[in-house]
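Quick notes on the structure that follows.
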Amino acid sequence: MHTPVFLDHNATTPLDPRVRTVLEQAQRDCFGNPSSAGHAYGWAAAELVTRARTQVAEAIGAEPGEILFTSGATEANNLALLGSAPTHGAHRRHLIISNLEHDAVSAPAAELERRGARLTRVACGRDGLLDPEQVAAALDGETWLVSVLAAQNEIGTLQPLADIGRVCKGAGVLFHSDAAQALGRMDLDVQREGLDLLSLSSHKTYGPKGVGALFVRRRDPRVKLAPLLYGGDQEKGLRPGTLNAPGIAAFGEACRLAVAERASESVRVGALRDRLWGRLRTGLAGVSLNGAAAPRLAGNLNVSFAGVRSSGLLPRLTTLAVSAGSACRSGSPGPSRLLLDLGVPEDLAGSSLRIGLGRFTTDEEVTYAADVLIEAVTALRANP
Ligand SMILES: *Cc1c(COP(=O)(O)O)cnc(C)c1O
């Protein structure tokens with residue numbers, strides 16, 4: 001067993017060795033610019049990108065022509081929100097997001113608000129699940145976009161996308177989802193979910209960092225976006241700049257593996273997660289799960305340990321890689337805003353840990369993690 005045991009798969013995932021093979025081969029053998037249409041170096045790189053575009057599209061039930069490659073989900077979210085915003089003076093200037101969103105959605109939404117858009121944040125229930133009726137109630141004649149993430153990055157709850165998609169379709173409003181956490185961990189289908197825009201990230205699904213994609217619906221309706229960057233006609237001019245062909249090829253392979261192994265992996269990882277939760281509950285008093293137990297990402301636990309601060313607990317967990325809240329906000333002080341929104345009392349919100357299991361988590365690691373956690377919490381409670 002390798003320590004620290006990596007249990008932070010909601011922050012990032014290790015590169016799958018099979019993906020690394022594709023990445024290394026492409027980096028070694030395929031340095032061409034995929035836009036070089038005049039020679040074999042360019043053709044070989046373009047072929048990698050074409051294959052990956054099909055693999056990414058297949059993972060979400062889209063057409064290859066509906067996939068735009070980006071640097072990750074953050075860029076895809078920014079392009080979806082800022083790029084779909086109506087131009088100055090347009091009638092539709094209202095957008096809706098949820099209080100479950102990652103900063104990569106809530107910050108561009110706040111920027112649109114500064115630029116004159118009207119922003120509504122729909123709050124989820126105490127279980128961390130959004131009610132589609134609340135989204136319906138927030139719509140008005142000026143709404144152009146609803147953005148709701150697929151799987152929440154701190155508490156792992158899965159949102160009712162298909163129901164929200166129906167609400168949006170009925171109102172003629174675009175529907176975007178940030179699926180950074182969901183790709184490869186739950187079944188995603190842009191038709192069934194009624195999605196017009198969908199953001200994906202490679203490094204949350206065992207691919208390399210710095211790669212992602214935005215699905216942009218081409219039919220019923222054809223979504224029109226304005227670019228955030230200018231300087232080339234790559235990706236239909238919506239994402240200019242030389243494509244990272246090796247990274248994209250690896251992302252394609254990561255998607256192919258995720259589709260092939262999703263069903264069996266969620267059963268395996270879900271069983272490990274349930275066993276870890278069972279051991280924590282029998283080994284310790286005063287533990288509580290934040291967010292609904294289901295529907296939830298198979299690998300996610302967000303647990304409060306009454307009577308200890310996560311800031312005091314983490315330094316005692318040197319052999320475990322877990323986190324207090326989301327990685328992107330781990331620099332900000334105070335308990336998670338989301339947990340407070342769910343009605344978790346401040347002291348319990350400040351005693352929470354996010355534990356994220358993944359593809360390479362073993363039975364032995366789960367047993368070890370439970371023992372370490374139980375011992376550390378018990379010691380800290382006895383001797384604060
Ligand atoms: C990780 C994450 C992001 C950011 O994705 P990058 O590919 O790192 O830009 C956005 N949204 C959610 C929900 C995430 O978990």
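The values are calculated or read from the model by the stated rules, or taken from the named source; none is laboratory data. From a predicted model like this one, the values you see are computed outputs, not experimental measurements. Heads up, the Cβs are rebuilt from the backbone with ideal geometry, glycines too, and the neighbour counts pull from every protein chain shown. Note: accessible area is taken over every heavy atom of the protein model, side chains too, but ligands, DNA and RNA are not part of it. Shrake-Rupley method; radii C 1.70, N 1.55, O 1.52, S 1.80 Å.
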Criterion first (modelled with pLDDT under 95, open to solvent by 10 Å² or more (accessible area, probe 1.4 Å) and assigned by TED's automatic domain parsing to the domain that holds Leu197) does Gly116 satisfy it? yes
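Restricting to segment 171-205, count the residues that are of a type in the set (Lys, Arg) and away from the ligand (no atom under 16 Å from the Cβ).
Taking segment 171-205 and keeping what is of a type in the set (Lys, Arg), we get 185, 192, 204.
Add one more test, that the residue is away from the ligand (no atom under 16 Å from the Cβ), and what stays is 192.
Final tally of qualifying residues: 1.
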For Asp140, the lone unmet condition from (1) in contact (Cβ under 8 Å) with a residue 40 or more places away in the chain; (2) farther than 17 Å from Ala298 by Cβ; (3) crowded, with 24+ Cβ neighbours inside 10 Å is (3)
Any chance segment 101-109 includes a residue that's surrounded by fewer than 18 Cβ atoms within 10 Å (Cβ to Cβ), more than 14 Å from the ligand (Cβ to nearest atom) and modelled with pLDDT of 95 or more? no
Filtering segment 60-82 for residues that are part of a helix (DSSP H, G or I), surrounded by fewer than 24 Cβ atoms within 10 Å (Cβ to Cβ) and within 16 Å of the ligand (Cβ to nearest atom) leaves a count of 4
